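These notes are about the structure you will find just below.
The values are calculated or read from the model by the stated rules, or taken from the named source; none is laboratory data. In this text the structure is predicted, and so the values were computed from the model without any measurement. Here the Cβ positions follow ideal geometry from the backbone for every residue, glycine too, while neighbour counts run over all protein chains shown. The accessibility values were calculated without ligands, DNA or RNA, using every heavy atom of the protein model including side chains. Shrake-Rupley method; radii C 1.70, N 1.55, O 1.52, S 1.80 Å.
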Amino acid sequence: MTLFSSLGLKQELLDAIQDIGFTEATPIQSETIPQLIEVNGESDLIALAQTGTGKTAAFGLPLLHILSDLPAAEPKCPAALILSPTRELCMQITGEMEKYGAKSKNLRLLAVYGGSSVRDQQRTMRRGVDVLVATPGRLMDLARRGDVKFDSLKTLVLDEADEMLNMGFLDDVREVLEKSPDTMNTWLFSATMPKQVEKITRDFMKDSIRVQIGTRNEASSQVEHKAFLTTRENRYQGIRRLIDSSPGMYAMIFCTTKRETQEVAENLIGDGYTAAAIHGDLSQQQRDLVMHAFRSKQVRMLVCTDVAARGIDVKDITHVIHHRLPNDLEGYTHRSGRTGRAGKTGLSWALVTNAEARKIPQLERAIKRDIPREKFPSRNDVVIGQLLHFAEKVSTQTEGVELVEKNVDALMPMFEGMETRELVTRFLATEFDVLFRHYAEHVDLDLNRNERGNRGERRESNNRRDRGSMDSGRGFRDKKDEQRVWINLGTKQGLTWPLLKDFVRETAKLGDFEVQGVNVGPAHGYFTVPTSKIETVRGSIEGGEWDGTKIKLDLVEHHVGREERRRDEGGSRMRGRGGRPGGGQSWGAGRSGGGRSGAGRFNSDSRDSSRSGGPRRPRI
């Protein structure tokens, strides 16, 4: 246990911390603060710690300690700049810094972010600001207008550096670093260390103090992880079953698309849950209203996309639910880090199909945590759990009793003649009418049924596909509905057939069964997709780069490249699923950076946007 009073902070900061109610420092704070104070902030710093470990105080307190000895900053020339990836995090950091500096004299602090008045920010900058907290977009806008200058910058803090670069702000960050004086010190804080962040540290930082809490990219030990096997058509029912099985749940539910986010939220609201969606199509005012409702617990289920949720910091979240697994491993760590914060425990539950389940072993290696495969709670488990939770709540209720008690006498005659059992039964039936009806009417919904069915069902399914029929969207109807595609990537580029399949499916956002017949040779590969998806595949993949190789696609005849897949070359279905052994940070990519299957090796920006997406001459 380390007390803030032992870290060497000035008395006005200690007084402010005491007013907030803090006494003990977290590991990242106790490691970082004394080292920065000892060198008077004149050193670069690389600090790695999981989300929710108190990084804001780890840089905010020593920054204010050091700035208190410096003269006031000149107009337009802040002494310190804190960059954050999102508006929400920018506002959160500013609020925390204001609390830390409440006892400090003449501290001038400003937050600049999109969606707020540029003119007000310009006027404040012209009066002079000591600490500027900013999102990259608005910062560079003000800099190009001449309202922010980096000439006198003494300290740059990159908070949530991995998220910032993942959101596409690399060029803005590099521009700030390049325009800042050589004497400026950079303090980099991050939950993970992908390749882009490592490159920043190599190019712009030297002789850095290094602080690492926990193992690199490791998930929080405060979070328990579980995976629930489901089918595509039962995902929503699976989420509903999990919510019903956890009375009092206060959760963030992550989806991969804006449309999916809105649909899940609308379904939950329609079924009587207090839910709301947050995604990129909302205005800032709408986001603020949703977040206010969620923080005040008027809304208990926040359904969100990964991008929209970045920077959101809400206390006491009990669960994180993955409607689908994210496209990269770091994304899972960030999602799960929304719960289990400030010493509390949390739960991270993922819904996975059979096709997605092969990602779990990789994920376990990356986060260094077990993710046991669990069955969905039964209908009876849900009902009993809800009743017990409510009964316990009633039996221990003390708040507000005195307000109700004076009216009880007037109600008692209505219950005369009832036995205690009858009274409790009617009371519970009234309270849980909707829940009981739902589970009584869905006795045929077995969420633990294996997606693949029994052996006889699979054999019949295969027979139907052999006859050219469609089996619930899992196969193509006949040859005219499918197209064979040649790609100029093979085993020389590190591809196996599962990796190529995942890469095509996830990059082109196809369904689990829309990429079939995958074969990989030394220099090229083949796959089959529905004819209706050809333009989508070409638009998403063709012209991009994979490890420096410009990707080419060609349409070929149905029989081309269908030789038997050799298990010792392409990887068997049991061994080598998801790509090369060893596990990287992308699903099956075997690399150390983030992204989709091969996303760190696949560069979509190199595509020629002006090329025609029309069909080419078939390759026979």
Quiz item: If you check ASP502 against the conditions, is it modelled with pLDDT under 80, on the phi < 0 side of the Ramachandran plot and of a type in the set (Asp, Glu)?
Solution: no
Exercise. Looking for whichever is basic (Lys, Arg) and farther than 23 Å from VAL307 by Cα here; the options are LYS154, LYS195. Which one fits?
Key: LYS154
Quiz item: Any idea how many residues of segment 197-211 are closer than 21 Å to GLY337 by Cα and either out of contact with any helix residue (DSSP H, G or I) (no Cβ under 6 Å at 6 or more places or on another chain) or in contact (Cβ under 8 Å) with a residue 60 or more places away in the chain (or both)?
Solution: 1
Quiz prompt | Selection within segment 261-275 - surrounded by fewer than 21 Cβ atoms within 10 Å (Cβ to Cβ) and closer than 26 Å to GLY340 by Cβ | solution = TYR273, THR274
Exercise. Taking the residues in segment 154-183 that are assigned to a loop (DSSP other than H, G, I, E, B) and either at pLDDT 95 or above or charged (D, E, K, R) (or both) as candidates, determine which candidate is surrounded by the fewest Cβ atoms within 10 Å (Cβ to Cβ).
Key: ASP182
Practice problem: Those residues that are polar (S, T, N, Q), modelled with pLDDT of 85 or more and in contact with a helix residue (DSSP H, G or I) (Cβ under 7 Å, 6 or more places away or on another chain), I need them from segment 279-332; list them, please. | Solution: THR305
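Report yes if MET167 is hydrophobic (A, V, I, L, M, F, W, C) and touching a Pro at 6+ places or on another chain (Cβ under 6 Å), otherwise no. Let's see the steps before the verdict.
On the way: hydrophobic (A, V, I, L, M, F, W, C): yes; touching a Pro at 6+ places or on another chain (Cβ under 6 Å): yes.
So MET167 fits the description; yes.
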Quiz item: On the given criteria, is SER5 out of contact with any Pro (no Cβ under 9 Å at 6 or more places or on another chain), assigned to a loop (DSSP other than H, G, I, E, B), at negative phi and modelled with pLDDT under 95?
Solution: no
Quiz item: Quick check, is ASP15 over 23 Å from THR192 (Cα atoms), open to solvent by 40 Å² or more (accessible area, probe 1.4 Å) and assigned to a helix (DSSP H, G or I)?
Solution: yes
Exercise. Might you let me know whether segment 188-202 holds any residue that is open to solvent by 10 Å² or more (accessible area, probe 1.4 Å), of a type outside the set (S, T, N, Q) and at positive phi?
Key: no
Exercise. List the number of the failed condition for LYS258; all other conditions in (1) open to solvent by less than 50 Å² (accessible area, probe 1.4 Å); (2) at pLDDT below 90; (3) charged (D, E, K, R) hold.
Key: (1)
Exercise. Show the residue pairs that are 6+ apart or on different chains and have beta-carbon atoms under 9 Å apart, the first residue being within segment 292-307 and on the phi > 0 side of the Ramachandran plot, the second being open to solvent by less than 20 Å² (accessible area, probe 1.4 Å).
Key: LYS297/TYR250
Quiz item: Which residue pairs have Cβ atoms under 8 Å apart, sit 6 or more places apart or on different chains, and have a first residue in segment 262-289 that is touching a residue at least 24 places away in the same chain (Cβ under 8 Å) and more than 18 Å from ILE239 (Cα to Cα) and a second that is exposed (fewer than 14 other Cβ atoms within 10 Å of the Cβ) and of a type in the set (S, T, N, Q)?
Solution: none
Quiz item: among the aromatic types (Phe, Trp, Tyr), modelled with pLDDT of 85 or more and under 17 Å from the mean Cα position of the chain (by Cα): does that describe PHE228?
Solution: no
Self-check item: In segment 336-386, the residues that are open to solvent by less than 30 Å² (accessible area, probe 1.4 Å), farther than 30 Å from ASP433 by Cβ and assigned to a strand (DSSP E or B)
Solution: GLY346, SER348, ALA350, VAL352
Self-check item: Matching entry among GLY583, GLY593, GLY543, GLY588 (being closer than 30 Å to GLU163 by Cα, modelled with pLDDT of 85 or more, small (Gly, Ala, Ser) and in a loop (DSSP other than H, G, I, E, B))
Solution: GLY543
Quiz item: Do we have ALA227 as touching a Lys or Arg at 6+ places or on another chain (Cβ under 6 Å) and either farther than 27 Å from GLY511 by Cβ or in a strand (DSSP E or B) (or both) here?
Solution: yes
Exercise. Give the number of residues within segment 532-548 that are within 11 Å of VAL485 (Cβ to Cβ) and in contact with a helix residue (DSSP H, G or I) (Cβ under 8 Å, 6 or more places away or on another chain).
Key: 2
